[in-house]
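The values are calculated or read from the model by the stated rules, or taken from the named source; none is laboratory data. Predicted model only: the values in this text are computed from it and were never measured. Cβ: placed from backbone, ideal geometry, glycine included. Neighbour counts: every protein chain shown. Please note that ligands, DNA and RNA were not included when accessible areas were found on the heavy atoms of the full protein model with its side chains. Shrake-Rupley method; radii C 1.70, N 1.55, O 1.52, S 1.80 Å.
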Amino acid sequence: MWRLNAVRHKAGRQGSDLEEFKFKRREHEKELRRARKDSQLVSKRLLLNDDEEEDGTMDTLASDQVVELFNMVRHGRDLVKKEADLRALRKALRSPSAHLILIKQPNSIAILVTNLCGPNPQCRLEAARCLHELSHSPHSEVDSLRLRQATPYLITFLSGQSPKFTELCLYTLGNMCPDSENVRDMLLAQGIIPALNNCIQIHRTNLAVVEAVGFTLSQLISANYVTGTIIPAVLASGLIPRLLSVLTPDSQFGLGPVIECAWCLHYLACSNVDNGALVAQGTLLHCTSLLVTLGVAVAKGSIEEGIELLIWPLLRCVGNLLLSGPLGALQPQLNDSRLLAALCAFPQAFLQTHPALARESIWVLNNLTAAADSSVFCSALFYLNLVPALIQLLPFSHGINIMVLRVLGNIAHQGREYCLHLAQAGLLPALCATLKMADTEVVTFSLEVLGQLMASDPQLAEEFVRQSGLPMLEAIQYSNQETIRLRATHLLEHHLPPHCTVDTSASQ
C-alpha cells in the first residue's frame, strides 16, 4: 500500500518552524502508499516525535546497555527518573536490533503495559511510544501477538481527549493489524470498530487524528483474508457517514486524511459484502462528487502533488459500486455529467506519469457504459465531445487501448446512430492502426468493434475500405491465432460490399 514510512506529529509550531514542518510533511507525502495502487501489501507507519532528528536514527546501543535501560525502567520508583529512562529506552528502540534484545527480557511487554496504565501521563506517553516502536519492528519475532497485552488499553485510550496520545495509539494498533487474522479477530472482539467510530467523532476537527483513524481502519479491512464479520461490523457501526464527511481536502493540512478514508471506502466496496448499504449511505454520490471536483482541477492543469494517490481509491470505489446493481437504480447518485469529463481528463493528465491510473479511469467509464441501461451515458459522451479524446488514447499500451476499445464497443452496441457518430469522430482510421498492432488482444477487440460498425450500416464498411482497411483484414487471415483469423474472415465474407469480395480460401 502506498504509505508514509514515518509521520511527524502535527502539533502546533510557530513561524519558520511551521513552514519547515509543512515542507517536510509534503516531502513525506511523496512516499504515501507507494506500493498500494496495484496490490494490497502490508504496510506499517512510524510516528516521529518532535524531539527526534528527521531520519529518526541514533547510535545503536550495545545489548547490555539496552538491558540496563530496561532494568532501570523495571525497578525505578522516582517518576521523573522513570520518565527519563522510558524516553531513553524508546530512543534505543529506534534501532531494530534493540527490539530483539528487549523482548527476550522477562515480562518486558508487561512492564511497558504497567507504565502505559500508570498514574504519570508522561510515563504513559513514553511507554506508548516504546510499544509503537515495537509495533513497527521488521523482525517476525516481534509480532502483534507478543504485544496483545497492550491492545485492550490502547483501544480504551482512543476515547481520550489528548490528540497526540490518541494518534500514537491509533498508529500502534494500525501497525498491528496486518500481522495475522488472529490479531484482527482479537481487536474486533475487543471493540476496536466502535472505538474507532467514537474516536473519529470526538476528534472530528483534528485532521491528524482523523488520518490516523483512516489508517488503522484501512489496515484492519484491507487484507485478502479479512473475515466475514469485520466488514459487516464496519458497515453497521455508523463509520461510513463519518468517512464520507472527510472527503473534502483541506488546503492547509494536505491530502492525508482524505486519502486514508478513500482507501477505507475502496476496501469496503471491493469486499462486495453489502455494496447496497454503501450506496444507500451516499458513498457513490460523495465519491463521484469529489472525482468531479478533482477532474475540473486536473483539466485546468492544477495538479497538486500526490493527488493521484487520492484519485486511485476513489476510482476503484466508484468502479466497484457501479457493479452493485442496475445502473438505473444508481442514476440518482450519478446525475453530474461532469463525471464523464473527469474520467476522460485523468487519462490525459496521467498518461505518461501513471499509465495504470489512466487505465483505471477508463475502466470506470467502461462500467458506466457497459450496462443495458447505459444509453444516457453513451449519449453524454458525444454531447460533451469526449469521444475524440478517447480515440486518441488507442495508440497507448499498458492495457489502456484495450479498455478504450471496450468503451467504444459499449457505445457501438447502442445501435446504428451511435455507430455513425463514432465514425464521424474518426474511429475507422484509428481502427486501421490498431489492427496492425502486435498485441493479439488489441486486434481482437478492434475486430469486434469494427464488426459492430459494419453490421450497423453498409456505408461504414465502404468507408473502412476507403480508409485502406481491406489489406489489414486480408493480412490477419494469415495470423497464427485462430480466433482473430476467423473474425477477420467473417468480416470479409459477410460485411464487406459485394465489389470488395475476396477469395478467403487461404484461411481454411
task: Could you grab me the full set of residues in segment 413-439 that are open to solvent by less than 10 Å² (accessible area, probe 1.4 Å), in contact with a Leu (Cβ under 6 Å, 6 or more places away or on another chain) and of a type in the set (A, V, I, L, M)?
output: Leu431
- line: Counted residues in segment 137-167 being outside any loop (DSSP other than H, G, I, E, B) and without any contact (Cβ under 8 Å) to a residue 12 or more places away in the chain come to 0
Residues of segment 271-290 satisfying the condition of being part of a helix (DSSP H, G or I) and in contact with a Leu (Cβ under 7 Å, 6 or more places away or on another chain): Asn275, Ala277, Leu278, Val279, Thr283, Leu284, His286, Cys287, Thr288, Leu290
field: Members of segment 454-474 that are among the acidic types (Asp, Glu) and over 19 Å from Ala425 (Cβ atoms)
entry: Glu474
- request: Mind listing whichever residues of segment 225-265 are within 11 Å of Leu310 (Cβ to Cβ) and not aliphatic (A, V, I, L, M)?
  value: Pro249, Gly254, Gly256, Pro257, Glu260, Cys261, Trp263
field: Leading residue by the ranking (farthest from Ile231 (Cα to Cα)) among those in segment 171-186 that are touching a Lys or Arg at 6+ places or on another chain (Cβ under 9 Å) and aliphatic (A, V, I, L, M)
entry: Met176
query: Taking segment 259-285 only, how many residues are surrounded by 24 or more Cβ atoms within 10 Å (Cβ to Cβ) and closer than 20 Å to Arg204 by Cβ?
result: 9
task: Please list, ordered by first then second residue, the pairs with beta carbon atoms under 8 Å, 6 or more apart or interchain, first in segment 43-69 and at pLDDT 75 or above, second in a loop (DSSP other than H, G, I, E, B) and open to solvent by 60 Å² or more (accessible area, probe 1.4 Å).
output: Arg45/Asn5; Leu46/Asn5; Leu48/Glu54
Residue, farthest from Gly214 (Cα to Cα), within segment 137-169, restricted to residues that are hydroxyl-bearing (Ser, Thr, Tyr) and open to solvent by less than 70 Å² (accessible area, probe 1.4 Å): Ser137
message: Just checking, does segment 126-135 include any residue being open to solvent by 20 Å² or more (accessible area, probe 1.4 Å), farther than 21 Å from Val80 by Cα and out of contact with any Cys (no Cβ under 7 Å at 6 or more places or on another chain)?
response: no
- prompt: Right, Val7: touching a Phe, Trp or Tyr at 6+ places or on another chain (Cβ under 9 Å) and modelled with pLDDT under 90 or not?
  reply: yes
- line: (1) over 17 Å from the mean Cα position of the chain (by Cα); (2) within 25 Å of Ser180 (Cα to Cα); (3) among the aliphatic types (A, V, I, L, M) all hold for Leu207 apart from (2)
task: Kindly provide the set of residues from segment 83-102 that are under 20 Å from Cys169 (Cβ atoms) and either open to solvent by 40 Å² or more (accessible area, probe 1.4 Å) or assigned to a helix (DSSP H, G or I) (or both), ordered by number.
output: Glu83, Leu86, Arg87, Leu89, Arg90, Lys91, His99, Leu102
